[in-house]
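The values are calculated or read from the model by the stated rules, or taken from the named source; none is laboratory data. All values derive from a computational prediction rather than experimental measurement. Cβ: placed from backbone, ideal geometry, glycine included. Neighbour counts: every protein chain shown. All accessible areas refer to the heavy atoms of the entire protein, side chains included, with ligands and DNA or RNA removed. Shrake-Rupley method; radii C 1.70, N 1.55, O 1.52, S 1.80 Å.
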Amino acid sequence: MEKNNKTTGKVVGIVSNLVTVAVDGPVAQNEICFISLGDEKLMAEVIKVVGVNAFVQVFESTRGLRIGSEVVFESHMLEVTLGPGILSRNYDGLQNDLDKMDGVFLNRGEYTDPLDRKTKWSFKPLASTGDSVTAGSWLGEVMENSIPHKIMVPFKMDKRYTVKSIKAAGDYTVDETIAVVEDENGEELPLNMVQKWPVKMAVQAYLDKPRPFKLLETGVRCMDTFNPITEGGTGFIPGPFGTGKTVLQHAISKQAEADVVIMAACGERANEVVEIFTEFPELDDPRTGRKLIERTVIIANTSNMPVAAREASVYTAMALGEYYRAMGLKVLLMADSTSRWAQALREMSNRLEELPGPDAFPMDLSAVISNFYSRAGFVYLPNGATGSITFIGTVSPAGGNLKEPVTESTRKVARCFYGLSQDRADSKRYPAIDPIDSYSKYLEYPEVQESLVKTAGEGWLDAVTKAKDILLRGKEVMEQINILGDDSVPISFHDRFWKSELIDFVILQQDAFDSIDASTSMERQKYMLYSVLKVADTEFEFKSFEDVSVFFKEIINIYKQMNYSEFQSEEFKKHESKLDSLLKERMN
């Protein structure tokens with residue numbers, strides 16, 4: 001798409017953020033252009049070309065735009081700027097640094113540099129003169145907060161090169177030349193710490209991309225125990241308004257085994273985005289003891305911004321994730337909410353007068369979502385290192401309808417489904433993930449099963465299956481008790497119901513605001529599940545259904561106190577001893 005002379009054009013049609021431009025030369029799909037509006041330049045992206053007309057989606061408000069306005073095409077796609085200094089930043093969907101902008105509201109046509117060009121970074125060379133390198137090869141590294149940030153051969157350089165020279169260890173700005181490489185034709189190319197990459201193209205700078213096989217610990221029991229996600233896996237969290245999607249995302253991003261966390265707020269309400277901006281800088285990172293924001297990037301795109309910018313935000317977040325994955329890091333990418341992204345696609349599709357699919361979404365919605373989710377994954381890099389992007393998106397189905405097109409299309413490609421239940425949220429059973437409807441297809445992978453055997457032992461999968469069965473049987477008898485009444489069903493029904501409640505209260509429910517209960521290690525999850533199943537396997541004798549509820553409520557209360565105690569501490573063992581005494585007393 002590189003051209004010597006830029007193509008120009010004039011505006012001939014305007015439908016909100018969809019602008020039709022008559023061009024005087026060649027343009028390409030997804031090419032970026034700037035529309036002149038007085039002293040302002042409005043960024044736009046080509047989404048369709050028909051004859052001499054290019055249809056562009058404008059990333060800004062088009063209020064005041066007129067027929068005849070001049071347009072200049074930039075000969076490149078929408079790109080992210082990659083280099084040291086990305087972590088801890090707050091960007092919009094176009095990677096403008098929000099902290100560099102003035103005023104309460106974003107000014108139309110104002111674009112800022114995503115990197116700090118003046119800061120000097122302590123560079124340490126990793127490559128040597130004479131080394132053969134390709135796209136993504138590590139030339140050196142700088143420390144970005146606590147993360148070793150690799151300086152790489154730009155992803156766009158698709159040949160094999162030889163390192164002619166590389167700077168010695170020292171302090172340099174991102175724009176200073178740190179290496180010179182030579183291609184097969186003898187042409188020398190100077191390289192600095194900055195590179196650009198089109199957001200809608202997947203970075204392919206890896207050797208192999210196998211199926212994910214390593215368990216990713218999130219610290220959330222109802223995920224790790226019942227439906228685990230893998231390192232490099234994909235999952236999504238659908239649920240109606242008020243079921244705790246945002247709090248769950250915050251909990252996962254804070255506790256999961258990831259080196260870098262990327263939060264993409266795609267079309268969310270402004271108050272929720274502000275919540276991220278205010279909360280994340282204050283959160284302590286349990287892994288490093290520093291602030292969580294030091295290894296976090298926030299891409300903020302609220303619902304009152306133009307719809308075209310929503311689409312850009314998720315692609316910008318994924319491109320940043322692929323950049324850090326190429327450094328051999330574990331990246332956790334959270335998108336909230338992909339429904340808003342799909343709504344942006346629907347709006348532009350309707351304005352283009354394309355044939356609508358179900359609920360007026362584009363006909364190719366499934367393909368677009370599938371293509372995006374496929375960019376996540378676990379990779380082997382050419383130097384033997386590994387990296388991963390674990391992607392978890394939330395879906396906000398209208399009215400909690402899980403049969404709508406976005407949820408259905410996402411369900412086809414995401415391997416983990418964490419459905420949030422309105423009933424569980426209403427009864428304050430958080431996280432409100434439905435244990436019956438949710439699933440993890442990774443449990444079907446033999447390599448994941450082997451990994452779980454190494455992590456949790458031989459009988460782990462059988463124990464989990466047993467716990468799920470108890471929950472299902474408990475749900476069935478609860479419905480019968482509700483219909484027939486407490487005293488019209490056998491006492492064994494109450495026993496079965498309360499054993500399912502024991503698993504629910506002790507394993508599924510978790511306090512995200514308690515310093516201990518907020519995150520649970522796999523060792524502790526294993527210990528607690530086996531302990532609860534031991535109680536569930538025990539046959540007790542009761543005289544009435546009231547005895548059943550009183551007994552199990554007492555057990556649940558002791559287990560809850562154990563959850564709030566440090567694992568295997570004196571307090572933990574004291575509660576466990578109390579539990580053993582209660583069980584022995586009942587059995588005698």
Kindly provide the set of residues from the stretch 474-492 that are open to solvent by 40 Å² or more (accessible area, probe 1.4 Å) and closer than 20 Å to Ile436 by Cα, ordered by number. Lys475, Glu476, Met478, Glu479, Gln480, Asn482
Would you be able to tell me the number of residues in the stretch 89-100 that are part of a loop (DSSP other than H, G, I, E, B) and either touching a Lys or Arg at 6+ places or on another chain (Cβ under 8 Å) or surrounded by fewer than 16 Cβ atoms within 10 Å (Cβ to Cβ) (or both)? 1
Subset of the stretch 290-321, residues open to solvent by 10 Å² or more (accessible area, probe 1.4 Å) and assigned to a helix (DSSP H, G or I), comes to Ile293, Glu294, Val307, Arg310, Glu311, Tyr315
Within the stretch 108-131, identify whether any single residue is touching a residue at least 60 places away in the same chain (Cβ under 8 Å), surrounded by 13 or more Cβ atoms within 10 Å (Cβ to Cβ) and within 23 Å of Gly186 (Cα to Cα), and answer yes or no. no
Considering residues of the stretch 544-588 that are free of Cβ contacts under 8 Å to residues at least 40 places away in the same chain and in a loop (DSSP other than H, G, I, E, B) only, the residue nearest to Trp460 (Cα to Cα): Gln568
Surrounded by 14 or more Cβ atoms within 10 Å (Cβ to Cβ), assigned to a loop (DSSP other than H, G, I, E, B) and either touching a strand residue (DSSP E or B) at 6+ places or on another chain (Cβ under 9 Å) or touching a residue at least 24 places away in the same chain (Cβ under 8 Å) (or both), is that true of Ile86? yes
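For the stretch 63-79, does any single residue satisfy the condition of being farther than 23 Å from Asn5 by Cβ and free of Cβ contacts under 8 Å to residues at least 24 places away in the same chain?
The answer is yes; a qualifying residue exists.
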What pairs can you find where one residue is in the stretch 431-460 and under 28 Å from Lys475 (Cα atoms) and in a loop (DSSP other than H, G, I, E, B), the other is open to solvent by 50 Å² or more (accessible area, probe 1.4 Å) and among the basic types (Lys, Arg), and their Cβ atoms are less than 7 Å apart, with a gap of 6+ or different chains? Pro435/Lys468; Ile436/Lys475
Residue list for the stretch 89-107, filter: touching a strand residue (DSSP E or B) at 6+ places or on another chain (Cβ under 8 Å) and in contact (Cβ under 8 Å) with a residue 40 or more places away in the chain: Arg89, Asn90, Tyr91, Asp92, Gly93, Leu94, Gln95, Leu98
Among Val180, Val104, Val163, which is the only one that is at pLDDT below 95, aliphatic (A, V, I, L, M) and either open to solvent by 40 Å² or more (accessible area, probe 1.4 Å) or over 30 Å from Asp285 (Cβ atoms) (or both)? Val104
Any hit, the stretch 191-200, residues being part of a loop (DSSP other than H, G, I, E, B) and closer than 13 Å to Thr134 by Cα: no
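Rundown of residues vs (1) open to solvent by less than 50 Å² (accessible area, probe 1.4 Å); (2) outside any loop (DSSP other than H, G, I, E, B); (3) out of contact with any Phe, Trp or Tyr (no Cβ under 9 Å at 6 or more places or on another chain), yes/no style:
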| site | (1), (2), (3) |
| --- | --- |
| Pro210 | yes, no, no |
| Pro228 | yes, no, no |
| Thr246 | yes, yes, yes |
| Glu257 | no, no, yes |
| Cys266 | yes, yes, no |
| Thr288 | no, no, yes |
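Let's see how each residue does on (1) under 30 Å from Glu279 (Cβ atoms); (2) open to solvent by 70 Å² or more (accessible area, probe 1.4 Å); (3) not hydroxyl-bearing (Ser, Thr, Tyr):
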{"position": "Asp495", "(1), (2), (3)": "no, no, yes"}
{"position": "Lys499", "(1), (2), (3)": "no, no, yes"}
{"position": "Ile503", "(1), (2), (3)": "no, no, yes"}
{"position": "Ser521", "(1), (2), (3)": "yes, no, no"}
{"position": "Tyr530", "(1), (2), (3)": "no, yes, no"}
{"position": "Thr538", "(1), (2), (3)": "no, no, no"}
{"position": "Asp547", "(1), (2), (3)": "no, no, yes"}
